[in-house]
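Single-structure report; data block below.
The values are calculated or read from the model by the stated rules, or taken from the named source; none is laboratory data. Treat the numbers as computed from the prediction; the structure is a model and nothing was measured. Using ideal geometry, Cβ is built from the backbone for each residue, glycine included, and neighbour counts are taken over all protein chains shown.
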Amino acid sequence: MTLNEFFSLVPKAAVAFSGGTDSAFLLWAARECGCEVRAYYGKTAFQPQFELEDARRLASELEVPMTVVEADILSVPEAAANGPQRCYHCKTALFSRLRQAAREDGYTVLLDGTNASDDAGDRPGMRALRELEVRSPLRECGLTKDEVRRRSREAGLFTWDKPAYACLATRIPTGALITKEDLEKVERAEGALHALGFRDFRVRLFHGAARLQVTEEQLPLVLEQREAISSSLGAAFDGVLLDLKPRGLE
């Protein structure tokens, strides 16, 4: 099935829009295929501010209406507890809110940007989407991540080479209670590193310290910016550590 064929069968739909590469391309493709589409951005403590800004920018460029749906995800005990099923409980709560908002606006079909490269298996988040009957056109049409990036570049979408970004909750060790304070601390730390020129990295909590994960190409930049990193992060964490296993190899 092609995207044109998919949207000929689904002429009106809501898109769960994160501001990332996949959902951005899906939103563009839906509009290009003549679908009556509206974007719904789920704003929780797990999403950094820059994702919302990117989502607003792209929706504006595409001239697609966007609704911001706020959800107090930390009030969901199973999500805040940060156990192995955290993603299931988070996605169940968030996508239930998105689906409710979409239906109130007259949209009965909710789509997400899962692509054919994503290993569905029995991943908790994927299970939640199946239970809520959220459809994934990119996956259904066999579009891989590389293909999505290629087509996004051809379409002129600024998100075409945007690094994959897992939510802020993934920076907290599994089993450790997630607090708003820790999420904000991690977000500020990642913002500071971004300002220093880093891209595609993570700042993870590790026994009160900040554990940096960067790509192999950026390891020299860590040494070059060592003093600036210590100055920016040192006051908020008990220490700043570098993971010597580069991102992409873990």
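The strands (runs of 3 or more DSSP E) falling completely within the range 2-90 that include 2 or more residues that are farther than 15 Å from LEU110 by Cβ map to 66-70.
Within the range 42-61, the residues that satisfy the criterion of being closer than 21 Å to VAL76 by Cα and among the hydrophobic types (A, V, I, L, M, F, W, C) are ALA45, PHE46. Total residues in the range 207-250 satisfying the condition of being over 24 Å from the mean Cα position of the chain (by Cα) and either hydroxyl-bearing (Ser, Thr, Tyr) or surrounded by 17 or more Cβ atoms within 10 Å (Cβ to Cβ) (or both): the figure is 9. The residues of the range 162-189 that are surrounded by fewer than 15 Cβ atoms within 10 Å (Cβ to Cβ) and part of a loop (DSSP other than H, G, I, E, B), listed by number, are PRO163, ALA164, ALA166, PRO173, THR174, GLY175, ALA176, LEU177, THR179.
Residues in the range 49-57 include at least one that is in contact with a Phe, Trp or Tyr (Cβ under 6 Å, 6 or more places away or on another chain), within 24 Å of LEU168 (Cα to Cα) and not polar (S, T, N, Q). Of everything in the range 190-202 that is of a type in the set (A, V, I, L, M, F, W, C) and within 20 Å of LEU244 (Cβ to Cβ), the residue that is surrounded by the fewest Cβ atoms within 10 Å (Cβ to Cβ) is LEU196. Against the list (1) in contact with a Cys (Cβ under 9 Å, 6 or more places away or on another chain); (2) of a type outside the set (Val, Ile, Thr); (3) at pLDDT below 95, the condition GLU78 fails is (3).
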